[in-house]
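Worksheet for the structure shown next.
The values are calculated or read from the model by the stated rules, or taken from the named source; none is laboratory data. All values derive from a computational prediction rather than experimental measurement. When we count neighbours, we look across all protein chains shown, and the Cβ atoms used for this are built from the backbone with ideal geometry, even at glycine.
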2 protein chains.
Amino acid sequence: MIGDIFLTGCGQTKFGEWWQKSLRDLIEEAMSAAIADAKISPIDIDAIVIGNMLGEALSGQAQLGALTSAMLPHRPPALRVEAACASGSIAVHTACALLESKRAETVLVIGAEKMTDADPSGVAAALMGAGDSEHDTPSGLTFPGIFGLIATRYMHEYGLTREDLSLVSARHHENAASNPFAQFRNAVTPQAVSDSSLIADPLRLLDCSPITDGACAMILSRTHRSSMSLRASQIATDSLSLTQRPTITSFASTRDAFSRACEEAEITREDIAHLELHDCFSIAALINLEDMGFADPGTGIRLYQNRSADFSVNQSGGLKGCGHPVGATGVKQICDIAKQLKASKQQYGAAHNFGGAGATCCVHILEHTTNP
Amino acid sequence: MIGDIFLTGCGQTKFGEWWQKSLRDLIEEAMSAAIADAKISPIDIDAIVIGNMLGEALSGQAQLGALTSAMLPHRPPALRVEAACASGSIAVHTACALLESKRAETVLVIGAEKMTDADPSGVAAALMGAGDSEHDTPSGLTFPGIFGLIATRYMHEYGLTREDLSLVSARHHENAASNPFAQFRNAVTPQAVSDSSLIADPLRLLDCSPITDGACAMILSRTHRSSMSLRASQIATDSLSLTQRPTITSFASTRDAFSRACEEAEITREDIAHLELHDCFSIAALINLEDMGFADPGTGIRLYQNRSADFSVNQSGGLKGCGHPVGATGVKQICDIAKQLKASKQQYGAAHNFGGAGATCCVHILEHTTNP
């Protein structure tokens, strides 16, 4: 990073089913909470970046930058960015560039998604926009299907069992139980995961993150200081189509974004005390842990079997427990890391967010200093 | 701007109806042309920003950053931005921030839209995403309807006649006749504009920019020098809903973005030799000229009645003559200004691009130096 970028405040809606709230309502609620948390005046905001994927498809609403800007008295410059389920973290990345470029001193970043007003088949079709519309979508694939293929191959290569895999979602639900903003605060046993409805073999209902409404906002600033600062913001990409990858049990974009982020922050993975990673489906959590080097290939499950006191994974509940309002997730992960670092008094945490099956990956590293 | 940002190369598809080409094909064609024009190696590109509005709605394709990145051997970081019809210029703005932040030395910017595969009512519905889905869309408004209301009010306030207004599109068609990339290269008389089918009273078919496929790309660089450099990149916003504005015959976002851009470039409007402005509908051209101060309120038509040798407006043919593939237009306007400055050997030109009815406006100022 060029200079310090402080995470000055965070705010979010509870994630869940908000039939009585529109996309605009969710944005406004998260924005107001972040401004209050940051203790700044709204007119301190020089620019707005909003991450959203499905506004046009599910709410008939594009141009969310202008929509959000009109909520502030001085209507600052605003734009919307999109990289499917990584839209939120890409918004943070864009805000970093605006701050580093000195075009802004203080930026409001929002991630927001309104998904539950549409029927599930409509949502599934819209989400396939994150896939390859020429090469994969015509085969009838959906994202549960794509990650079902990935899980099948992973089980074949590494011998992961159905019982092993069920531990991932059970743990994420357990973590979500203590998160007041999570969609699902109920504990589920691994057996309940294994027994839930089959969605896309071998993935079952409780392997899949849900359809969720929600928004999360943050204030990033060069001038309004705090004990939390961004140390790295890195994007990497991969082919949209699974057919164009050498393997489907490793995500090149996760490897690239994470290694570049550690390099930018000048830390190693051992320095990271808290990690929020993208568990859109349970199998993705394991692969992402391996691609970031926290486990060897095929052994990611051990981090769920043997918990470490020094390193937490998806302490918030992850996408499975918190819900996954796609554009909001990447912003929320970073805010959760900040909460965790404050509580544990540790120094470094990382947020890993990807789009589709990892065609875009964005990793942020946050540093907590006790003397800001 | 922080330091020099050079416009190192441009490339575009012909704008038109490309039934045999997909969104991906259009992107690849424009990208290749820009790289060839810039005489750089593809691996010199550090980042990609793509502006697009309708990928999800009309092509089932989101995550266009990753899609485009996969066309290059080294898959640079990439993201998509959106601000409705201003998506292209917002992409240029985002690229400026990436360059000024030193996150990139050379950025590929693309604007692309694939519109003609859908039926016109589907396109009109998707375009209403640029409006206010809670306040205006439920009234049955479409964009021709919105600009029809604006034109009616303007005629009432200023006494503009139907015959006056017809001159705008006639001139844009005349200009497009010499642009090999324009969708419509046929001259039309003002009478033909007045006689064309009624679309949304008082606007007729030939007052409206068409539905178009096309892409335009540019290479912006801090290190690959050229005689063209960006001197300003400014965004301003306004309410999405017409009902929340004090007037509908003036666009606050145009006024704000243009004045901020002149301030950033340290020039006055008199320094501008060539202007490409957003004439999505004929009436918009007149209002935008007035909001930028090139004419007094109600007198924009005089710039069409009395042409100036020192100042050109939409020499490319504008959105009416060139076609308006919405995400591509903002990129194309800047490339056209570069061509015009090279040909005329003048110093400054400006590109004005807006989203919806001016809820987002983005203005760029380009400087041509003969000794780069």
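In this structure, does A:D279 turn out to be more than 14 Å from chain B (Cβ to nearest Cβ) and in contact (Cβ under 8 Å) with a residue 40 or more places away in the chain? Steps first, answer last, please.
On the way: more than 14 Å from chain B (Cβ to nearest Cβ): yes; in contact (Cβ under 8 Å) with a residue 40 or more places away in the chain: yes.
Answer is yes for this residue.
Which of the residues belonging to region A:215-253 are of a type outside the set (A, V, I, L, M, F, W, C), assigned to a strand (DSSP E or B) and in contact with a Cys (Cβ under 9 Å, 6 or more places away or on another chain)?
Looking only at region A:215-253, we keep the residues that are of a type outside the set (A, V, I, L, M, F, W, C), and these are A:221-227, A:229, A:231, A:233-234, A:237-239, A:241, A:243-247, A:249-250, A:253.
Those still in the list that are assigned to a strand (DSSP E or B) too: A:221, A:229, A:231, A:233-234, A:237.
Selection gives A:S233, A:Q234, A:T237.
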Residue hits (region A:9-42; touching a Gly at 6+ places or on another chain (Cβ under 9 Å) and among the aliphatic types (A, V, I, L, M)) are A:L23, A:L26, A:A30, A:M31, A:A33, A:A34, A:I35, A:A36, A:A38, A:I40
Filtering region B:277-327 for residues that are more than 22 Å from B:L366 (Cα to Cα), within 18 Å of the chain's Cα centre (by Cα) and β-branched (V, I, T) leaves a count of 2
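Return the only residue of B:S32, B:S89 being away from chain A (no Cβ under 13 Å) and among the polar types (S, T, N, Q). If you could, list the steps in order and put the result at the bottom.
Details: B:S89 fails: away from chain A (no Cβ under 13 Å).
B:S32 is the lone residue from the list that is away from chain A (no Cβ under 13 Å) and among the polar types (S, T, N, Q).
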For region A:96-117, pairs from a residue that is within 11 Å of chain B (Cβ to nearest Cβ) to a residue that is part of a strand (DSSP E or B) and of a type in the set (S, T, N, Q), with Cβ under 6 Å and 6 or more apart or across chains, are A:C96/A:S233
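Could you check how many residues of region A:5-29 are within 14 Å of chain B (Cβ to nearest Cβ), out of contact with any Lys or Arg (no Cβ under 7 Å at 6 or more places or on another chain) and farther than 14 Å from A:I110 by Cβ?
If we filter region A:5-29 for residues that are within 14 Å of chain B (Cβ to nearest Cβ), which is where we start, we get A:5, A:20-28.
The next check asks that each one be out of contact with any Lys or Arg (no Cβ under 7 Å at 6 or more places or on another chain); those that pass are A:20-21, A:24-25, A:27-28.
Applying the additional criterion that residues be farther than 14 Å from A:I110 by Cβ yields A:20-21.
Total meeting the criteria: 2.
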Of the residues in region A:283-323, those that are at pLDDT below 95 and closer than 24 Å to A:Q183 by Cβ come to A:R307
Counted residues in region A:15-68 being more than 24 Å from B:S253 (Cβ to Cβ) and touching a residue at least 24 places away in the same chain (Cβ under 8 Å) come to 20
Residues of region A:256-276 being more than 12 Å from chain B (Cβ to nearest Cβ) and under 20 Å from the mean Cα position of the chain (by Cα), in sequence order, are A:F258, A:S259, A:C262, A:A265, A:R269, A:I272, A:A273, A:H274, A:L275, A:E276
Wholly inside region A:298-372, helices (runs of 4 or more DSSP H) that include 2 or more residues that are farther than 23 Å from A:I150 by Cβ, in contact with a strand residue (DSSP E or B) (Cβ under 9 Å, 6 or more places away or on another chain) and touching a residue at least 60 places away in the same chain (Cβ under 8 Å) are A:326-344
B:I48 fails exactly one of (1) buried (at least 24 other Cβ atoms within 10 Å of the Cβ); (2) part of a helix (DSSP H, G or I), namely (2)
Has region B:348-364 got at least one residue that is modelled with pLDDT under 95, within 25 Å of B:S229 (Cα to Cα) and either surrounded by fewer than 24 Cβ atoms within 10 Å (Cβ to Cβ) or among the hydrophobic types (A, V, I, L, M, F, W, C) (or both)?
no
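Condition check: closer than 21 Å to A:C85 by Cβ and not hydrophobic (A, V, I, L, M, F, W, C). Does A:T8 satisfy that? Explain how you work it out, then say what you get.
On the way: closer than 21 Å to A:C85 by Cβ: no; not hydrophobic (A, V, I, L, M, F, W, C): yes.
It is false that A:T8 is closer than 21 Å to A:C85 by Cβ and not hydrophobic (A, V, I, L, M, F, W, C).
So, B:S87, is that one among the hydroxyl-bearing types (S, T, Y) and in contact with a helix residue (DSSP H, G or I) (Cβ under 8 Å, 6 or more places away or on another chain) or not?
Yes.
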Taking region B:51-68 and the residues there that are more than 7 Å from chain A (Cβ to nearest Cβ) and not in a helix (DSSP H, G or I), the one that is surrounded by the most Cβ atoms within 10 Å (Cβ to Cβ) would be B:G51
Going through (1) buried (at least 24 other Cβ atoms within 10 Å of the Cβ); (2) within 30 Å of B:A170 (Cβ to Cβ); (3) more than 14 Å from chain A (Cβ to nearest Cβ) one by one, B:D238 fails only at (3)
For the structure I just gave you, tell me whether A:D336 is crowded, with 24+ Cβ neighbours inside 10 Å and touching a Lys or Arg at 6+ places or on another chain (Cβ under 6 Å). no
Output for Cβ contacts, cut-off 7 Å, separation at least six or different chains, first residue within 13 Å of B:H172 (Cα to Cα) in region B:189-207, second part of a helix (DSSP H, G or I) and β-branched (V, I, T), reads B:L206/B:V193; B:D207/B:V193
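Among the candidates A:F143, A:F184, single out the residue that is of a type in the set (F, W, Y), within 14 Å of chain B (Cβ to nearest Cβ) and touching a helix residue (DSSP H, G or I) at 6+ places or on another chain (Cβ under 6 Å).
Working: A:F184 fails: within 14 Å of chain B (Cβ to nearest Cβ).
Going through A:F143, A:F184 in turn, just one is of a type in the set (F, W, Y), within 14 Å of chain B (Cβ to nearest Cβ) and touching a helix residue (DSSP H, G or I) at 6+ places or on another chain (Cβ under 6 Å): A:F143.
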